[in-house]
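Note sheet for the following structure.
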Amino acid sequence: MKFSDKLLARLRRAESICVLTGAGISAESGVPTFRGGDGLWKKFKPEELANFDAFIRNPDVVWEWYAYRKKVIQEVVPNPAHVALAELEKLVTDFTLVTQNVDNLHRRAGSMRVLELHGNIERSYCISCRKKFPDVKPPDNRTAPRCDTCGGLIRPDVVWFGELLPQDVFAEAEKAAARCDLFLCIGTSAVVYPAAMLPSTALNHGAYLVEINAEYTDLSSRAHESLLGKAGTIVPAIVQALHTLRNPTP
Ligand code: OAD
């Protein structure tokens, strides 16, 4: 795969790289995205499944949906794009991986430090006493689980519509976006805020912004480059190019 001279120069000398990923990076693993063609939000209503009021109204329905998504995620494996980003973390000293995904595939691919803006579907917590549950399963996959300490309802540790992102995690992501010289935005429609602010933060601080996506997005007109195609092909090629540029054979 051939990259522009500008991108190659940035890959060679970037001292700080920040990456933002979205559902598209996991699409080739078999995890459905939210928007576009077969996106989850075409079939399911976020207002019935991904907000706190809906959960209180009908916790069993919400848990049935999360049990289904947990099952999908547990049955798939990270793809070459996840693996390449785990490799990139080892090659660049100041590297930050920020994800909107709750699927845990970055960690399963070997990434050590992941800023999870929207939480992680494998974790849950009690809404009454806040006890954490690393991996809870709803009984019979369709009844909301209850806390074994206080009997309160357990919810998935994910950010729902109308809820704040974990503020410390987002602050760290903002700092990384502001100080990086190369920002890679991979497999996200870049329409959900505040995550979608991070590319602008990077741009405003002088970073080179590269988008990798199956199609053009709201971000494309502002990106320095939009590389159209599959993350599973393009991301490993970028990481390979960076490795080769920094370790030339004699
Ligand atoms: P979206 O479903 O909005 O966007 C997925 C993007 O991935 C689209 O732009 C696709 O073109 C692109 N894409 C699909 N397959 C790809 C591939 N193989 N390689 C590269 N790109 C590909 O997902 P997000 O932007 O992640 O929030 O959505 C953001 C948030 O909206 C999610 O975190 C979720 C959702 O509501 C919460 O749950 C809080």
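The values are calculated or read from the model by the stated rules, or taken from the named source; none is laboratory data. Fair warning: this is a prediction, and the values are worked out from it, not measured in the lab. Cβ sites come from the backbone with ideal geometry, for glycine too, and all protein chains shown count toward neighbours. Heavy atoms of the whole protein, side chains included, go into the accessibility calculation; ligands, DNA and RNA do not. Shrake-Rupley method; radii C 1.70, N 1.55, O 1.52, S 1.80 Å.
In terms of accessible area, using a 1.4 Å probe and ignoring ligands and nucleic acids, F3, F183, F161 rank largest first as F161, F3, F183.
For D5, the solvent-accessible surface computed with a 1.4 Å probe is close to 120 Å², ligands and nucleic acids excluded.
Rounded to a whole number, what % of the accessible area of the chain do carbon and sulfur atoms account for, probe 1.4 Å? Intermediate results must be reported in sequence, preceding the final value.
Details: 6440 of 12140 Å².
In the chain, the share of accessible area belonging to carbon and sulfur is 53 percent.
Taken over the Cα atoms of the range 133-250, the convex hull encloses 197 Å³ per residue. Between amide H atoms placed 1.01 Å from N, distances below 5 Å from Y125 occur with F133, R155, D157, all of them 5 or more places distant or on a separate chain. Look at the dipole of the range 109-185 built from charges on Cβ: of A177, P134, G119, the Cα furthest out on the positive end belongs to P134. Using the Cα gyration tensor of the range 6-58, with a ≥ b ≥ c the square roots of its eigenvalues, what is the shape: rounded (a/c below 1.5), prolate (a/b larger than b/c) or oblate (neither)? Prolate is the answer for the range 6-58, as a/c is 1.5 or above and a/b outweighs b/c. The calculated FRET efficiency for the pair E163 and E75, based on their C-beta separation and a Förster distance of 22 Å, comes to about 0.20. Only one residue of L153, M1, L228 has its Cα farthest out toward the positive end of the dipole of the chain, where Lys and Arg carry +1 and Asp and Glu -1 on Cβ, and that residue is M1. Considering only L165, T217, V76, and ranking their Cα positions along the charge dipole of the chain that arises from unit charges at the beta-carbon of Lys, Arg, Asp and Glu, the one farthest toward the positive end is V76. The candidates H118, H205, arranged from most to least accessible area with a 1.4 Å probe in the full protein assembly, appear as H205, H118.
For the range 36-149, with equal point scatterers placed on the C-alpha atoms only and solvent neglected, what are the log10 I(q)/I(0) values from the Debye formula at q = 0.11, 0.12 1/Å, to two decimals? Debye intensities relative to I(0), on a log10 scale: -0.45, -0.53.
Restriction of the GluC sites (Glu not before Pro) in the range 194-250 to DSSP coil positions whose beta-carbon has at most 16 other beta-carbons within 10 angstrom yields E215. Springs join every pair of Cα atoms under 10 Å in this Gaussian network model of the chain, and among S189, S128, S220 the largest mean-square fluctuation is at S128.
For the chain, what does the accessible surface come to per residue with a 1.4 Å probe? Please give it in Å². The partial results should precede the final answer.
On the way: 12140 Å² over 250 residues.
Solvent-accessible surface per residue comes out at 49 Å².
Taking all Cα pairs closer than 8 Å and separated by 6 or more residues, the relative contact order of the chain comes to 24 percent.
Return the subset of K45/K175; K42/K137; K45/K70 for which the Cα-Cα distance in this structure is over 28 Å, preserving the input order. Show your work: numbers first, answer last.
On the way: K45/K175 33 Å; K42/K137 26 Å; K45/K70 18 Å.
Going by Cα-Cα distance, K45/K175 fall outside the 28 Å limit.
Computed over neighbours whose Cβ is under 12 Å from that of L228, the net charge equals -2, Lys and Arg +1, Asp and Glu -1.
When +1 charges are put on Lys and Arg Cβ atoms and -1 charges on Asp and Glu Cβ atoms, the dipole computed for the range 1-47 relative to its Cα centre reaches about 160 debye. When peptides 129-136, 9-16 are ranked by their average number of other Cβ atoms within 10 Å per residue, the highest-first order is 9-16, 129-136. What the phi angles of the range 89-97 give under the Karplus curve with 6.51, -1.76 and 1.60, with θ = phi - 60°, is a coupling list of 4, 7, 8, 10, 5, 9, 10, 10, 9 Hz, glycine and proline written as x. When only the Cβ of Lys, Arg, Asp and Glu is charged (+1, +1, -1, -1), the dipole of the chain relative to its Cα centre reaches about 260 debye.
Kirkwood hydrodynamic radius computed over the chain comes to 18.9 Å, based on all pairs of distinct alpha carbons.
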